[in-house]
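Shown next, in structure tokens, is the structure this report addresses.
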Amino acid sequence: MRLNLNKSLLDLSGKEFINGNIGKIVANSLASTPDKKHYLKFFGWAQKLYDGETIDIDKADLKLLKEFIENNPDFTVLLVAQTMELFEEIPTEQ
């Protein structure tokens with residue numbers, strides 16, 4: 001599956017936040033997490049997401065990344081909701 005998070009974060013009125021790219025926000029969090037169990041995977045994803053690239057993930061990776069985003073105490077509801085919408089756009093049959 002290919003995941004693209006290169007999208008602007010929107011406020012409640014639908015306007016773009018300045019410097020509010022979902023991929024970059026997630027990338028920065030992946031790169032700074034204290035989780036050492038998945039450090040190579042997280043670092044690789046962070047590099048690609050920060051550069052606006054798509055990442056190739058399987059179902060297990062998708063679950064891991066979803067949990068990372070949903071359980072991140074620094075992420076707002078705006079960010080989590082809009083990111084989960086991007087996850088829903090991934091075709092399930094790949």
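A short reminder: the numbers here are calculations on the coordinates, not readings from a lab. As the structure is a prediction and not an experimental result, all values here were calculated from the model. Ideal geometry is used to build each Cβ from the backbone, glycine not excepted, and the neighbour counts take in all protein chains shown.
Here are a few things to note about the model shown:
- Taken over segment 41-58, residues that are surrounded by 16 or more Cβ atoms within 10 Å (Cβ to Cβ) and either among the aromatic types (Phe, Trp, Tyr) or in contact with a strand residue (DSSP E or B) (Cβ under 6 Å, 6 or more places away or on another chain) (or both) amount to 6.
- The residues of segment 67-81 that are more than 10 Å from the chain's Cα centre (by Cα), surrounded by 14 or more Cβ atoms within 10 Å (Cβ to Cβ) and in a helix (DSSP H, G or I) amount to a single one, Leu78.
- Candidates Leu64, Leu12, Leu40, filtered to the one that is touching a residue at least 40 places away in the same chain (Cβ under 8 Å) and either at negative phi or not in a strand (DSSP E or B) (or both): Leu12
- Condition met for Ser32 (surrounded by 10 or more Cβ atoms within 10 Å (Cβ to Cβ) and among the hydroxyl-bearing types (Ser, Thr, Tyr)): yes
- Segment 15-37, residues that are in contact (Cβ under 8 Å) with a residue 12 or more places away in the chain, more than 16 Å from Glu70 (Cα to Cα) and not basic (Lys, Arg): Gly20, Asn21, Ala31
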